[in-house]
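Quick notes on the structure that follows.
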């Protein structure tokens with residue numbers, strides 16, 4: 001969670017380098033967007049702001065998803081950069097992640113303690129948290145090396161070994177279980193017929209005030225599909241907070257690639273379950289209502305309430321990393337009532 005836009009000089013440098021490589025050519029917007037993604041440009045809004053300025057200067061022409069790029073001088077680069085920076089600097093938004101919205105839905109106080117108060121988080125030294133980290137790393141290593149390594153068994157074996165080695169002594173997950181999961185994940189990529197797959201990409205929407213890391217993004221034909229990986233088990237009913245996170249990530253992907261995201265997937269590691277989330281206006285509106293509500297909660301300067309979800313002590317408090325700080329608040333409140 002943060003207020004205002006944070007941008008680096010390197011973002012503009014990379015975008016202009018990409019555009020200069022295409023001077024005198026026609027290029028599809030989709031191709032430009034993928035180039036941006038592959039070069040670590042977290043917000044495509046910067047690209048479109050730059051293209052808008054270059055269009056006003058008659059250096060760029062666009063029609064039906066195709067951009068014609070003329071010669072871009074250093075003088076144009078500097079003047080365009082200045083105008084874009086001026087525009088972006090005026091954005092006074094609170095940026096949140098889809099995960100923060102999900103946590104706010106779970107428990108407003110927990111998120112407040114984690115992100116506003118910055119309370120000490122007491123994470124386990126061995127167990128689920130690190131098992132989850134190892135799973136995410138293994139998936140990333142596998143996807144990042146898919147094009148270079150054609151032997152799938154070796155690809156899976158190597159990704160598993162490297163991930164478990166990094167978190168050695170911290171994880172309880174078995175190597176074979178991780179390998180089986182990766183094998184099934186690879187099958188999903190094949191079945192969906194993805195032509196391009198990205199892993200762990202951070203995306204920011206200046207327009208919506210959202211930033212987040214997407215576990216996996218798959219492309220096929222005219223569709224783009226975000227995939228969220230959960231270490232947890234699926235127990236027959238999907239949790240609302242998981243849906244909200246998936247919706248937020250879909251909004252980010254849709255905004256970046258200027259494509260409508262029709263659905264996303266949530267993959268549950270412990271049960272090897274695949275859940276499809278159909279995106280609709282109702283879910284999107286719920287997400288933004290919670291975002292607005294969250295900003296209102298934290299702007300009044302009071303301690304937010306605890307979770308009001310059914311069975312919250314088991315569902316939320318049990319695995320909370322700031323439980324001790326929250327318990328102290330409750331103790332002080334009880335003491336205060338006596339006087």
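Side notes on the structure shown:
Quick grid of which residues meet (1) assigned by TED's automatic domain parsing to the domain that holds residue 209; (2) more than 17 Å from residue 104 (Cβ to Cβ):
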site: 281; (1), (2): yes, yes
site: 287; (1), (2): yes, no
site: 300; (1), (2): no, no
site: 305; (1), (2): no, no
site: 309; (1), (2): no, no
site: 316; (1), (2): no, no
site: 321; (1), (2): no, no
site: 324; (1), (2): no, yes
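- Any hit, the stretch 161-177, residues being surrounded by 21 or more Cβ atoms within 10 Å (Cβ to Cβ), in contact with a helix residue (DSSP H, G or I) (Cβ under 7 Å, 6 or more places away or on another chain), modelled with pLDDT of 95 or more and under 30 Å from residue 95 (Cβ atoms): yes
- Residue match in the stretch 19-31 (condition: in a loop (DSSP other than H, G, I, E, B), in contact with a strand residue (DSSP E or B) (Cβ under 8 Å, 6 or more places away or on another chain), closer than 24 Å to residue 212 by Cβ and touching a residue at least 60 places away in the same chain (Cβ under 8 Å)): no
- Output for the stretch 191-206, where each listed residue is surrounded by fewer than 13 Cβ atoms within 10 Å (Cβ to Cβ) and either at pLDDT below 90 or in contact with a strand residue (DSSP E or B) (Cβ under 7 Å, 6 or more places away or on another chain) (or both): 193, 195
- The stretch 280-302 residues that are over 12 Å from residue 248 (Cβ atoms), paired with ones that are in a loop (DSSP other than H, G, I, E, B) (beta carbon under 8 Å, 6 or more apart): 297/304; 298/304
- Among the numbered conditions (1) assigned to a helix (DSSP H, G or I); (2) surrounded by 15 or more Cβ atoms within 10 Å (Cβ to Cβ), the only one that residue 55 does not meet is (2).
- Qualifying residue in the stretch 279-296 (condition: in contact with a strand residue (DSSP E or B) (Cβ under 7 Å, 6 or more places away or on another chain), farther than 29 Å from residue 113 by Cα and surrounded by 16 or more Cβ atoms within 10 Å (Cβ to Cβ)): yes
- Every residue from the stretch 34-52 that is within 20 Å of residue 87 (Cβ to Cβ) and either assigned to a helix (DSSP H, G or I) or out of contact with any helix residue (DSSP H, G or I) (no Cβ under 9 Å at 6 or more places or on another chain) (or both): 36, 44, 45, 46, 47, 48, 49, 50, 51, 52
- Being closer than 30 Å to residue 19 by Cα, touching a strand residue (DSSP E or B) at 6+ places or on another chain (Cβ under 9 Å), modelled with pLDDT of 90 or more and not assigned by TED's automatic domain parsing to the domain that holds residue 26 holds for only one residue in 143, 101, 69, and it is 143.
- In the set (1) surrounded by fewer than 21 Cβ atoms within 10 Å (Cβ to Cβ); (2) modelled with pLDDT of 85 or more; (3) outside any strand (DSSP E or B), the condition left unmet by residue 92 is number (2).
- Here residue 120 does not qualify as closer than 30 Å to residue 308 by Cα, assigned to a helix (DSSP H, G or I) and in the same structural domain as residue 232 (by TED's automatic domain parsing).
- Hits in the stretch 243-270 (condition: under 24 Å from residue 316 (Cα atoms), surrounded by fewer than 22 Cβ atoms within 10 Å (Cβ to Cβ) and at pLDDT 95 or above): 243, 265, 268
- Positions within the stretch 59-80 being crowded, with 16+ Cβ neighbours inside 10 Å and part of a helix (DSSP H, G or I), in sequence order: 76, 77, 80
The values are calculated or read from the model by the stated rules, or taken from the named source; none is laboratory data. Quantities reported herein were computed from a predicted structural model and do not represent experimental measurements. Cβ: placed from backbone, ideal geometry, glycine included. Neighbour counts: every protein chain shown.
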